[in-house]
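Participant: For reference, the structure I am asking about is given below.
The values are calculated or read from the model by the stated rules, or taken from the named source; none is laboratory data. Please read these numbers as outputs of a predicted model, since none were measured by experiment. Reconstructed Cβ throughout: ideal geometry from the backbone, glycine too, with neighbour counts over all protein chains shown. When the accessible area is computed, the model is the full protein with side chains, heavy atoms only, and any ligands, DNA or RNA have been set aside. Shrake-Rupley method; radii C 1.70, N 1.55, O 1.52, S 1.80 Å.
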Amino acid sequence: MTWTSERTYSVVVTTGSGPVGRPERTGGPVVGFMDRVRGEFIDIIEWTDDSRDTIVWRFPRYENEIKMGAKLIVRESQAAVFVNQGRIADVFAPGMYELQTGNLPILATLQGWKYGFHSPFKAEVYFITTRQFTDLKWGTQNPVTVRDPEFGMVRLRAFGGYAARVSDPARLITELAGTDPQFRTEEVEEFLRQLIVGRLGTLLASSGIPMLDLAARQAELGDRLAKALTDELAVSHGLSIPKFIIENISLPPEVEQAIDARSRMGIIGNVDNYARLQSADAIRDAANNPGGAGEGVGLGLGMAAGQQLAQAFAPQQGQQQPYAPAAPAPAPAPGGGAVPPPVPGQQQHQWYVAVDGQQQGPYDHATFTGHIGSGAVRTGMLAWREGMAAWQPVESVPELAQHFRATPPPLPPQV
């Protein structure tokens, strides 16, 4: 191209993440001319990333021509890959380079430099971001079934986040990005999520960690999964997972309810203690409600609590009685006869009750009916005593059914 001394041309070129060298209008000979002018005067190849999700960006040049001696600027957290005729020629680390045959050995071999060492050459330049992308999320759409040593087969759901980075720019171009001029994280995020979920089930099943200890060892599981994913992705796709975070591992609602029931029984410990606690709470509430009705309720509950405490200290069937001094013999009955036996018809059965799959008892009849009155023994629970062929719901046992009758409403106000 020949320039005359009578005219002066000034071309301002900016480089960055925008479409450098692209025409502002389409069609017409003027646009083609400006493209050629930009190609002649652009001698700095660089990329200033103003996005947070771009992994690969292709530097735009008219017909991919690059002047010999042009400046290549590769910033920290970047790498530049030169592609010539579909083949990766050179990879540049962070720094500033003057493009000469000395630092383009592979490209020089491919080009042959038929027109001398100072003529323009054609090559595609791809900038790759090598920093960590930390805003990536993962989660299990469907539960992962694992075998737990304590609970058997359980289904787990999990979610969290992870960081990814490019460890091999050339392999990333070859395996994932290809000729995409702007390759973003959204194009690879679903692939990584599927890979994570596929490896998560294997990790949980082979970890040998009980389900109740998973929360305490989430960090350990995350580090192990990050290493396994990095070992696989680095070789196949040029990616690595430097950080993997498990935010939560959850159980199905029915399993959580079973765990809550077991925890509640562990806190209660014994149905007798639970009944006493409920009675004490009822007495306190009645005392805080002054009035005739509250005093009557408090008096009745106090008598019931006293009876339960007395029965609690009475020896139950099968329990060894503590040593005590011999009591004086009872006074003879009037007329010199012996002490009469218990009144006929008095029930002396020993009752057992099933609470959340655990057998509780034995309880004498008075204690057991007291538990019914306090609400510790409810309808639907199974009960058994000697003489019954099998366990039955408490409300269907004839001698217990009367204790489940509807209670009358409170008395109307006294005038």
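Participant: Go through the range 201-227 and report how many residues are open to solvent by less than 70 Å² (accessible area, probe 1.4 Å), of a type outside the set (S, T, N, Q) and touching a helix residue (DSSP H, G or I) at 6+ places or on another chain (Cβ under 7 Å).
Facilitator: Summing the residues that are open to solvent by less than 70 Å² (accessible area, probe 1.4 Å), of a type outside the set (S, T, N, Q) and touching a helix residue (DSSP H, G or I) at 6+ places or on another chain (Cβ under 7 Å) in the range 201-227 gives 4.
Participant: To continue, here is another question. Tell me yes or no: at least one residue of the range 183-196 is part of a helix (DSSP H, G or I), touching a helix residue (DSSP H, G or I) at 6+ places or on another chain (Cβ under 7 Å) and farther than 18 Å from Ala158 by Cβ.
Facilitator: Scanning the range 183-196, I find at least one residue that is part of a helix (DSSP H, G or I), touching a helix residue (DSSP H, G or I) at 6+ places or on another chain (Cβ under 7 Å) and farther than 18 Å from Ala158 by Cβ, so the answer is yes.
Participant: Just checking, does the range 58-66 include any residue being open to solvent by 20 Å² or more (accessible area, probe 1.4 Å), under 27 Å from Leu136 (Cβ atoms), in a strand (DSSP E or B) and at pLDDT 80 or above?
Facilitator: Yes, some residue in the range 58-66 is open to solvent by 20 Å² or more (accessible area, probe 1.4 Å), under 27 Å from Leu136 (Cβ atoms), in a strand (DSSP E or B) and at pLDDT 80 or above.
Participant: Step by step: first the residues of the range 147-162, then only those that are in contact (Cβ under 8 Å) with a residue 60 or more places away in the chain, closer than 22 Å to Ile196 by Cα and in contact with a helix residue (DSSP H, G or I) (Cβ under 9 Å, 6 or more places away or on another chain), then the one that is most open to solvent (accessible area, probe 1.4 Å). Which residue is that?
Facilitator: Taking the candidates together, the pick is Arg155.
Participant: I need the strands (runs of 3 or more DSSP E) fully contained in the range 318-395, keeping only those with at least 2 residues that are surrounded by fewer than 14 Cβ atoms within 10 Å (Cβ to Cβ) and modelled with pLDDT of 50 or more.
Facilitator: 358-364
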